[in-house]
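Participant: Have a look at the structure that comes next, please.
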């Protein structure tokens, strides 16, 4: 769980706080875990008006040592969601840039190298993300309710459809055949058959 200024680990069976990791001051709104669950990747951006809103880092947090071990610059505007690839070799980030003229992209990050290795062009400012279980497709929501399907190997959009009005969050069923999408504009949960 991401809390103001830090990460909190919750013991779900006991329903209580099991640990906390302090983070540098900033906006930390989502996270992704490494496949071995030893590292959390957390976006960090400033909320100060005098700081360039495109400057964003992903913090690599060692959960055992409770400290930030790396900062990965991802300078395409505010990060809305993170998704770890099934093989753990890539992190996909959706961006919701606050600045004019920033391209609408999903960044592809190599956590081992600590750098952005590519971008995927998308329509509109992206919100939710979900990866197919095999990692071959990424599903990207935008603020206008469009669901885009992108082939991760080619980086090309292969389909799109409108699923709501103000879509923000998404997850896939374990078999990857349905997408569950929150639509704040219509105040509903949308279920889309995707496979």
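Just so you know, all these numbers are worked out from the coordinates, no wet-lab data involved. This is a predicted model, so every value here is computed, not measured. Cβ: placed from backbone, ideal geometry, glycine included. Neighbour counts: every protein chain shown.
Participant: How do 44, 34 rank when sorted from fewest to most other Cβ atoms within 10 Å of their own Cβ? Display every interim value, and only then the final one.
Facilitator: Working: 44 20, 34 15.
Ordered by Cβ neighbours within 10 Å, fewest first: 34, 44.
Participant: Quick one: if you stick a label point 7 Å off each Cα along the C-beta vector at residue 136 and residue 18, how many nm between them?
Facilitator: Roughly 3.5 nm, to one decimal.
Participant: Considering Cα pairs under 8 angstrom that are at least six residues apart, work out the relative contact order of segment 1-121 and quote it in whole percent. All intermediate terms of the calculation are to be shown ahead of the outcome.
Facilitator: Working: 287 pairs, mean separation 19.7, N = 121.
The value is 16 percent.
Participant: Hey, if you drop one equal point scatterer on each alpha-carbon of the chain and run the Debye formula without solvent, what base-10 log of I(q)/I(0) do you get at q = 0.14, 0.19 Å⁻¹?
Facilitator: So the normalised log intensities are -0.81, -1.41.
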